Each structure stands twice: as structure tokens, then as C-alpha cells.
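As C-alpha cells, the structure follows; a few thoughts come after it.
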Amino acid sequence: MNEFRLKYKPYGERSILIEWPQIISEDVLESVLFCKGQLENHSLKEKVYIKYGYCSMLITYHATINNFYNEILMLKSIFSADSDTLKRGSKLWKIPVCYDLDFGIDLDEISKKNDIEILDIVRLHTSTIYHVYFLGFLPGFLYLGGLDKKLHLSRRRTPRLKVEKGSVAIGGSQTGIYPNESPGGWNIIGKTPIDFFNLNNENPCFAQAGDKIQFISVSKTDYKQIVSSIDANTYIIESEVIYD
């Protein structure tokens, strides 16, 4: 599973940093998740805290590392072992988004800057299946890969002090959803009524790294109906298990 040449570096007195090729890639993602799964299924998991991004993983031990060389050898051994722990289907979540101009407040600007019709922005944004690489920035904020190059657009020079919860936006080569109201500098193209982070749920964020997201365009009327269903606890996010 681990066909990449990984770099291992001491990172302070209690951590080891592991680096993959510095690219955003589904193959790298699968390798990172494989290594994470190997650690979580090893007795070492009781002694460490794991944090990872697009192409790196930081393993922090509860105690000072006395011999980095031995620990790195152990990690290499864990990662080289065969495992079926990650041979599973991933979830594809279908997320309703209203691209009405009342919600997509930057659609006009994106249309002009990228020389593309608003209808084509919506078409391209909804025709892609995005990959969840990791969660960060805010609890429940998904970093999604796969945005069509025609929609790439730099972040706003001046971030907004308040971006509404559920805002769907574009920042550089990525798209994402603001799970809560917060400051933000991404370009807003729509809004979803779905709650991406709720502490009252058993799993506060339903999506996880390795899952996939597809945006479904809905009308403003449909948006309001979904909001009512969510308020009544009767709405179920459409999803399916897919196998690559």
C-alpha cells in the first residue's frame, strides 16, 4: 500500500513528522489514511496523538522520545505490514446547495473574473465528485479536492468578518463549506442547509477523510423545505457506499 518514499524527521522532543511528496493527490491521501489506520490498529496508538494534512502526518508521543532512530524503525515496520483495515468502501454524501444569487453573493464577480456564465459555474461545481482530504480550520470544515480548473480563483484580498453558516465557497483550487458563522476570505457561490458540525450528534461531523462529496443544485423553495425538515429532525442526508 505504501509505495511512496516517506521522510521521517524529529519534531521537538516528543514528535516525529512524516512527509509524503508535496502534492495534493488521491494516491497520497490513501497512503496517509493507510498509515493512520495501521497506527490506530497497533498498540502504539495508546501512546501517541496523530495529526495529519494533505501530505504529512505528525505523531506526538505522550512522553519524551529517548531514541528517535528506534521509534522511526518501529513506525516503518508498522507501515510496511500488510493490512485489510482500509479495504472498505467510502461514503459519497450528496449535499443540496442553493446557488441563488441571494446566497451566491460572489457569483457575479467570479463570472466576470473567470469569463464564465453563472449557469456554467453551477454546472461545473455540481458535476464533480470531490474528495475529502481532511478536516480543519473550523470543526467540520472539509478540505475538498477536485475543483474544476475553470473555477479556480484566488481568495478575496479582504476577508469578510462574517460568513454565514452553510456558505459554499471557492478558495484557490479548493471548494468548501463553512460549518459555522465565521470570518472568511473564500468566494461564496451558494449555501447549503446541511449541518456539518453538531455536538449533539454521536458523530459531530458525519463526513471524514476518504469520503466523497457531490453537490446537488436545489431551488430556493427546495432549500426552505429542507430547512423545515432539518428543524423537524426528519431530514436524512442522501448517501451511498462506493467502491473505487
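A few remarks follow.
- Flag if GLY136 is closer than 21 Å to TYR99 by Cα, at pLDDT below 95 and not assigned by TED's automatic domain parsing to the domain that holds LEU29: no
- Residue list for the range 202-213, restricted to those being out of contact with any Gly (no Cβ under 6 Å at 6 or more places or on another chain) and surrounded by 15 or more Cβ atoms within 10 Å (Cβ to Cβ): PHE206, ALA207, ALA209, GLY210, ASP211, LYS212, ILE213
- Residues (surrounded by fewer than 18 Cβ atoms within 10 Å (Cβ to Cβ), in contact with a strand residue (DSSP E or B) (Cβ under 9 Å, 6 or more places away or on another chain) and not in a helix (DSSP H, G or I)) located in the range 26-49: TYR49
- Lone unmet requirement of (1) at pLDDT 95 or above; (2) under 14 Å from TRP93 (Cα atoms); (3) surrounded by 13 or more Cβ atoms within 10 Å (Cβ to Cβ); (4) of a type outside the set (D, E, K, R) for ILE216: (3)
- Scanning the range 163-201 for residues that are surrounded by fewer than 19 Cβ atoms within 10 Å (Cβ to Cβ), in contact (Cβ under 8 Å) with a residue 24 or more places away in the chain, among the small types (Gly, Ala, Ser) and within 20 Å of ASP108 (Cβ to Cβ) yields a total of 1.
The values are calculated or read from the model by the stated rules, or taken from the named source; none is laboratory data. Note that the structure is a prediction, hence the values are computed from the model and not measured. Methodologically, a virtual Cβ is constructed for each residue, glycine included, from the backbone with ideal geometry; neighbour enumeration extends over all protein chains shown.
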